[in-house]
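Worksheet: one structure, shown below.
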Amino acid sequence: MRKKIIIANWKMNHDFHETSFFLRNFLKIIFEKKINHNKEIIIAPSFPFLHISNQISQGTTLKIAAQNIHQMEKGSYTGEVSASMLKSIGITKVILGHSERRELYFENNDILFEKIKIALKYGLNIIFCVGETAIERDQNQQFNIVKNQLKETVFHCSRDEIRFFYIAYEPVWAIGTGKNATYEQAQTMHEFIRSLFLEKYGERVSDKIPILYGGSINNLNARDLFLQKDIDGGLVGNYSLKIDNFLEIIQS
Ligand code: PEP
C-alpha cells in the first residue's frame, strides 16, 4: 500500500521569521501532541530559507523541498539557483513544472525536461506537476494534455529514474481558485495517469509511483480526495500557510 504524502507549496510567501516560526511550532505540536498522521510531509519554502528550514527539520521526518531550479549546471544566469547549490545545503527535493512557472516564466516541456535531467544528475527527487487549463477541460482535452506533458518530459526517463518522481495532478483551473476538482474528476485523471505509467514502465512502477492531487485542497475536501484509490495525497498551496490549517490537512 502506498503511503500518503502531503506537500506544502508556500510559493512566494513567508519571510525568514514566519518560516522559522511555522516550522518550529509545527514540529513542536506534532511531537508534543504525538499527532499520529502516518504521512510523508514535505514543505517547500522560498530559496533564502531552505538552509534554515533544513536545519530546523534535522532529526525529524519532515522533509524540505525547493520550488524550482535552473536547467543549467552553473554560469552566467543572474538570479538563478542550480541543482548543485541545493544539493550543497542538503536539499533533496524540488518541485518542477508548476503551472505558475509554465505560465509566468514560459517553462515549456523542453525546458522542463532539461530541468529534470539536471535534477536527476544531482540525485534530487522531483515533484512534477501536470494539469490542464479550464479551456482545455471545456474542450475535453484534459487527457491529451496531461499525456503529452508526461510524454515530452518524465517519459524520457528510464525505469530506474522514475523512482525519483512524485507526480502532482494540478488542474490549472483549481489552483488558488477555491474550486477543487470533484473526487470523481480527480480519481479519473489519477487512474489515467497511473495507466500511462503501466503502459510505459509496467506494473511495479505504476503501483509505486505517488500521484498527488493539487488545487484548492482544504479541510472540507481533503479527506474525501485522499480516500480515492489512486490519490496518494496532496500538493497544498493556500491551505498550507497557517499551521492549524495545515495540521487539519495532515490529519484528514
Ligand atoms: C498549488 O499552487 O500548487 C496549489 C495547489 O495551490 P492551492 O492549494 O492554493 O490551490
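Tell me yes or no: at least one residue of the stretch 216-225 is away from the ligand (no atom under 14 Å from the Cβ) and surrounded by 22 or more Cβ atoms within 10 Å (Cβ to Cβ). Please lay out each step first, then the result.
Pass one, the stretch 216-225, residues away from the ligand (no atom under 14 Å from the Cβ): 223-224.
Filter again for surrounded by 22 or more Cβ atoms within 10 Å (Cβ to Cβ), leaving none.
No - not one qualifying residue is present in the stretch 216-225.
Quick check on this structure: which one of 107, 136, 132 is in contact with a His (Cβ under 9 Å, 6 or more places away or on another chain) and surrounded by 14 or more Cβ atoms within 10 Å (Cβ to Cβ)? Outline the logic, then answer.
Details: 136 fails: in contact with a His (Cβ under 9 Å, 6 or more places away or on another chain); 132 fails: in contact with a His (Cβ under 9 Å, 6 or more places away or on another chain).
Just a single option satisfies the conditions, and that option is 107.
So which residues in the stretch 228-245 are assigned to a helix (DSSP H, G or I), more than 11 Å from the ligand (Cβ to nearest atom) and touching a residue at least 40 places away in the same chain (Cβ under 8 Å), if there are any at all?
Let us first name the residues in the stretch 228-245 that are assigned to a helix (DSSP H, G or I), namely 238-240, 243-245.
Then keep just the ones that are more than 11 Å from the ligand (Cβ to nearest atom); that gives 243-244.
Within the stretch 228-245, just 243 meets the criteria.
Which of the following residues is within 16 Å of the ligand (Cβ to nearest atom), surrounded by 14 or more Cβ atoms within 10 Å (Cβ to Cβ) and more than 19 Å from residue 9 (Cβ to Cβ): 185, 142? Before the answer, list the steps.
Working: 142 fails: within 16 Å of the ligand (Cβ to nearest atom).
Just a single option satisfies the conditions, and that option is 185.
Kindly list, by first and then second residue, each pair from a residue in the stretch 89-104 that is in contact (Cβ under 8 Å) with a residue 12 or more places away in the chain and under 13 Å from residue 47 (Cα atoms) to a residue that is buried (at least 17 other Cβ atoms within 10 Å of the Cβ) and of a type in the set (Phe, Trp, Tyr), limited to pairs with Cβ atoms under 9 Å and residues at least 6 apart or on different chains.
Every condition considered, the pairs that remain are 93/166; 95/128.
Would you confirm whether any residue within the stretch 157-167 is within 18 Å of the chain's Cα centre (by Cα) and within 15 Å of the ligand (Cβ to nearest atom)?
Yes, some residue in the stretch 157-167 is within 18 Å of the chain's Cα centre (by Cα) and within 15 Å of the ligand (Cβ to nearest atom).
Among residues belonging to the stretch 1-17 that are farther than 21 Å from residue 52 by Cα and over 12 Å from the mean Cα position of the chain (by Cα), point out the one that is surrounded by the most Cβ atoms within 10 Å (Cβ to Cβ).
Per the stated criteria, the residue is 4.
We did not get these values from a lab; they are worked out from the coordinates using the rules stated. A quick note: this is a predicted structure, and the numbers were derived from the prediction, not measured. Please note: Cβ atoms are built from the backbone with ideal geometry, for glycine as well, and neighbour counts cover all protein chains shown.
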